[in-house]
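Novice: For reference, the structure I am asking about is given below.
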């Protein structure tokens, strides 16, 4: 299982982010700097991140914003969902990535 930990940083009120400069090899290959998985809060959906995603993508990152089971566009019945279901869903998404 591949996992990534990102430093939790407060989002500035204007929604802008400052990241380190892209390496020359990543720029030349037009590769994303990193892939970021943003997980929404309870009772919300991937749309929670709509204002954040463009800023991260502008900085050259690849962003994944899944709907957890029973949230957003996912139609899973909320009464049957467990924390294990959330974990399994996120692990499946992360495991589909070709690199960390």
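Novice: For the stretch 31-50, enumerate the residues that are assigned to a helix (DSSP H, G or I) and surrounded by 16 or more Cβ atoms within 10 Å (Cβ to Cβ).
Specialist: Of the residues in the stretch 31-50, the ones assigned to a helix (DSSP H, G or I) are 46-49.
Listed by number, the residues that qualify are 46, 48, 49.
Novice: Can you report the number of residues in the stretch 56-88 which are on the phi > 0 side of the Ramachandran plot and touching a strand residue (DSSP E or B) at 6+ places or on another chain (Cβ under 8 Å)?
Specialist: Taking the stretch 56-88 first, the residues on the phi > 0 side of the Ramachandran plot are 60, 70, 72.
Going one step further and asking which of them are touching a strand residue (DSSP E or B) at 6+ places or on another chain (Cβ under 8 Å), we end up with none.
Qualifying residue count for the region: 0.
Novice: Here's another thing I want to ask about it. Report whether or not residue 5 is modelled with pLDDT under 90, within 15 Å of the chain's Cα centre (by Cα), surrounded by fewer than 15 Cβ atoms within 10 Å (Cβ to Cβ) and in a loop (DSSP other than H, G, I, E, B). If you could, list the steps in order and put the result at the bottom.
Specialist: On the way: modelled with pLDDT under 90: yes; within 15 Å of the chain's Cα centre (by Cα): yes; surrounded by fewer than 15 Cβ atoms within 10 Å (Cβ to Cβ): yes; in a loop (DSSP other than H, G, I, E, B): yes.
Taking the combined requirement at face value, the residue satisfies it.
Novice: Out of the residues in the stretch 51-98 meeting the condition of being free of Cβ contacts under 8 Å to residues at least 12 places away in the same chain, within 16 Å of the chain's Cα centre (by Cα) and not in a helix (DSSP H, G or I), tell me which one is farthest from residue 41 (Cα to Cα).
Specialist: If we take residues in the stretch 51-98 being free of Cβ contacts under 8 Å to residues at least 12 places away in the same chain, within 16 Å of the chain's Cα centre (by Cα) and not in a helix (DSSP H, G or I), then 98 is farthest from residue 41 (Cα to Cα).
Novice: Residue 27 - would you say it is surrounded by 15 or more Cβ atoms within 10 Å (Cβ to Cβ) and at pLDDT below 95?
Specialist: Working: surrounded by 15 or more Cβ atoms within 10 Å (Cβ to Cβ): no; at pLDDT below 95: yes.
No, not satisfied.
The values are calculated or read from the model by the stated rules, or taken from the named source; none is laboratory data. Keep in mind the model is a prediction, meaning the values are calculated, not measured. Because the Cβ atoms are built from the backbone with ideal geometry, glycine has one as well, and the counts that use them run over all protein chains shown.
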